[in-house]
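The values are calculated or read from the model by the stated rules, or taken from the named source; none is laboratory data. Given the structure is predicted, the values throughout are model-derived calculations rather than measurements. Cβ sites come from the backbone with ideal geometry, for glycine too, and all protein chains shown count toward neighbours. Just the protein is used for accessible areas: all its heavy atoms, side chains included, with ligands, DNA and RNA removed. Shrake-Rupley method; radii C 1.70, N 1.55, O 1.52, S 1.80 Å.
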Amino acid sequence: MPSNQRKILLLPGDGIGPEVVRETKKVIDWFNKKKSLDFKLDQGLIGGAAIDEHGVPITDEVFYKALESDAVIFGACGGPKYDKLEFSKKPERALLKLRKELKLFANLRPAICFKQLVDASSLKPEIVSGLDILIVRELTGGIYFGEPRGVQPIENGERRGVNTHVYTTKEIKRIAKVAFELAAKRNNKVTSCEKSNVMEAGVLWREEVQNLKDNEYKKINLNHMLADNCAMQLLRNPKQFDVILADNLFGDMLSDEAAMLTGSLGLLPSASLGVKDKNGRTRSLYEPVHGSAPDIEGKNISNPIATILSFSMALKYSLGLEKESAHLDKAVEKTLEDGLRTPDIMSKGKKKVSTSDMGDAIISNLN
Ligand code: NAD
């Protein structure tokens, strides 16, 4: 493989996945052609599409391609057709397998409010205008994975449900490092969230994050905040934040809350980063925050921006192409500036366009 060649695997999936990934592919092709970049594209079936064709949510062949890729761009999976399948056979298992096997421990979700869309937020324009936060969530530990777990019968015919919130020094330092490194490229500020007032694991989290900052990231401006206060502050004054660091559970909730400050699901990208492989390459998966949206499938009306911005994150975090990423972000912003809107973000006086029109307009603004 030529040294500057990068492998990108497209996994469109189900519902609107194929149409939003199709528009993203146009953008990748543009970079290949106009910027002489050497992206080697491959594509595979995942989720319901793979179940229909091969009887499993992801084949070994596609899984190994994902392991070998510099970046995986995933659309969405799932839909009503598969709702009755037992849990282990559902389309979503493919995504869980990729997250687990690629050891994607860091989930990055930016919440950026484009000035052209301030009215789409449920908060007042002055509170969200110019908002640019990055949530860094731990993705492979904590209460979603801790043991013991389960539901057992107890006396009197009652039952007892158990989940265990557990983190080690290593896991906390690994994710805090990601947050500090990213903050160093932004505004140098990290707010770390936990519940150290009521949880021992929260006390450990706070101490380990502080130790890492004191020893290795002295220039970072770190503050600690109780997770419930952070949820409140996100609505009161979200612009006080730069990077928010949180565990799996609190990060899940805070990132959904922050995401909605920006207005529409169709605009929200995400990145999941893993540990480095033996070649020093960080495994990664990029996907829109939204699902397969079966209610609008096949109508060419979905918003492709979340997936296109996910590719922009891939340019920045996996492909070492920050300038190209900024160029793509500008083209998206210019397209919104031009007044083009898919139906999910439509407002009075703007021009309603289809999924493919939106993709074409972004390409023409790249030019
Ligand atoms: P969803 O995100 O698919 O849709 C929620 C609402 O937002 C729908 O009204 C939909 O039309 C709209 N929407 C979503 N993305 C949009 C876009 N790009 N442009 C315009 N409108 C958009 O969530 P849901 O309805 O709860 O789930 C539908 C299916 O997707 C389920 O099978 C669920 O399991 C699956 N799902 C998959 C993922 C994933 O693959 N990562 C994530 C969430 C849900």
For residues in the range 288-300 being near the ligand (Cβ under 6 Å from one of its atoms) and touching a Leu at 6+ places or on another chain (Cβ under 9 Å), which is nearest to Ser264 (Cα to Cα)?
His290
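Just to confirm my filter: which strands (runs of 3 or more DSSP E) fall fully inside the range 47-165 and include at least 3 residues that are open to solvent by 10 Å² or more (accessible area, probe 1.4 Å) and without any contact (Cβ under 8 Å) to a residue 24 or more places away in the chain?
146-153, 159-164
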Meets criteria (assigned to a helix (DSSP H, G or I) and either under 26 Å from Arg99 (Cα atoms) or within 16 Å of the ligand (Cβ to nearest atom) (or both)) for Ala306
yes
Need the failing condition index for Ser312 against (1) more than 14 Å from the chain's Cα centre (by Cα); (2) within 16 Å of the ligand (Cβ to nearest atom), just the number.
(1)
Out of (1) in a helix (DSSP H, G or I); (2) touching a strand residue (DSSP E or B) at 6+ places or on another chain (Cβ under 6 Å), the one Lys170 does not meet is (2)
Across (1) out of contact with any Pro (no Cβ under 7 Å at 6 or more places or on another chain); (2) within 16 Å of the ligand (Cβ to nearest atom), Glu337 clears everything bar (2)
Being within 11 Å of the ligand (Cβ to nearest atom) and farther than 20 Å from Gly141 by Cα is the filter here, so list the residues in the range 86-112 that pass it.
Lys90, Pro91
